[in-house]
Amino acid sequence: MTQQPSEYDYLARGQIYLQQGNYEAAINDFSQALHINSSLAQAYYYRGIAQRNSGNYAQAIADYTAAIEAEPDYPVAFYARGVVYRHLEDYFAAIRDYDQAILLEPEDGDFYYARGVAYASLKAYDEAIADFHRALEFNPEMPNAWYNLGIAHRDLGKMEQALEYYSTALRIRPSEPDFRYARGNLYSDLHQYEPAVSDYDQAIASVPTFANAFYNRGIALRNLGKPAEAIASFNEAFRFGPDFPNLYMNRGIALADRGELQEALVDLDRALEMDATLSAAYRARAALHQEMGREDLAELDRQKFEELSQ
């Protein structure tokens, strides 16, 4: 750097710090650039990125806004501010910014994709689907757009189309655990448990601590009549994730399938201690009490199940 650095010297060094993840140093350099030239839109923009990456969302919005004020035709500043608004779940504000970014730069697929995600968060699926398809016109190999098309179609109940979209996303990025997990869940919804287990297996291979994948794999294995394997999968879900009522309930049902009735009862009792409105647990415990010859307790649980099911 020269003896008397210019605003562009600070801007260049700040970008290097930004790439290195040294956000504090980056912010300092961008601030120095702005001290020299308070109308330098790029310095506001890049400082906004550093602020966002530091978790300072209000300051990031302020910097992106200043960048736009300094340079009103700055599409990535609108886009970046929209990203922060979306992170803060202010989806309408995010969409307004994405609209402006698209108006200024209508051939950037990332802008359409981001707006599609915001629309999907509002359950405006027609608009979301249109934006994902528009993004794919610019980049057909955008896996997240295919994946989000799958999510939107699943939420609309269009399972076969969702399956096609998930599969396309996986063709592009076959080792992505979230894609595998999502397709596994869809296969489970379609009662296709063998391919569901295969997808969960591959998700777990990529992320060995993927608690939800262990949990849903356990359910699929139980539905395949493999209670011992299901129990092992549920145990891994306990190991890597938080306890929750359905996890106890489903392990309890698998234990009952194995004839381990007392252990099953412990799990079902625990599920109902955590959530006294879990109707399926009353039904499962009623069947367990019946098998153990406890007709009075079975009848009480059946009554509770019927009461909650009304």
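Observations, loosely collected:
- Among residues of region 195-208 that are farther than 14 Å from residue 167 by Cβ, those with a Cβ under 6 angstrom from a residue that is buried (at least 16 other Cβ atoms within 10 Å of the Cβ) and among the hydrophobic types (A, V, I, L, M, F, W, C), sequence gap 6+ or separate chain, pair up as 197/220; 200/213; 203/210; 203/213; 204/210; 204/213.
- Residue match in region 51-69 (condition: crowded, with 19+ Cβ neighbours inside 10 Å, hydroxyl-bearing (Ser, Thr, Tyr) and within 29 Å of the chain's Cα centre (by Cα)): yes
- Residue, surrounded by the fewest Cβ atoms within 10 Å (Cβ to Cβ), within region 256-285, restricted to residues that are hydrophobic (A, V, I, L, M, F, W, C) and over 21 Å from residue 225 (Cα atoms): 276
- Among the residues of region 97-112, the one identified as farther than 22 Å from residue 71 by Cβ and surrounded by 22 or more Cβ atoms within 10 Å (Cβ to Cβ) is 112.
- Where residue 119 falls short, out of the listed (1) more than 18 Å from the chain's Cα centre (by Cα); (2) crowded, with 16+ Cβ neighbours inside 10 Å; (3) farther than 28 Å from residue 197 by Cα: (1)
- The residue list 48, 109, 14 contains one member that is touching an Asp or Glu at 6+ places or on another chain (Cβ under 9 Å), over 28 Å from residue 138 (Cβ atoms) and either among the small types (Gly, Ala, Ser) or touching a residue at least 12 places away in the same chain (Cβ under 8 Å) (or both), which is 14.
- Per the listing 50, 77, the residue uniquely closer than 18 Å to residue 108 by Cβ, at pLDDT 95 or above and not aromatic (Phe, Trp, Tyr) is 77.
- Test result for residue 100, touching a residue at least 24 places away in the same chain (Cβ under 8 Å), in contact with a helix residue (DSSP H, G or I) (Cβ under 8 Å, 6 or more places away or on another chain) and of a type outside the set (Gly, Ala, Ser): yes
- Screening region 184-227 for residues that are in a helix (DSSP H, G or I) and of a type in the set (S, T, N, Q) and picking the one that is surrounded by the most Cβ atoms within 10 Å (Cβ to Cβ) gives 216.
The values are calculated or read from the model by the stated rules, or taken from the named source; none is laboratory data. None of these values were measured; they are calculated from a predicted model. Because the Cβ atoms are built from the backbone with ideal geometry, glycine has one as well, and the counts that use them run over all protein chains shown.
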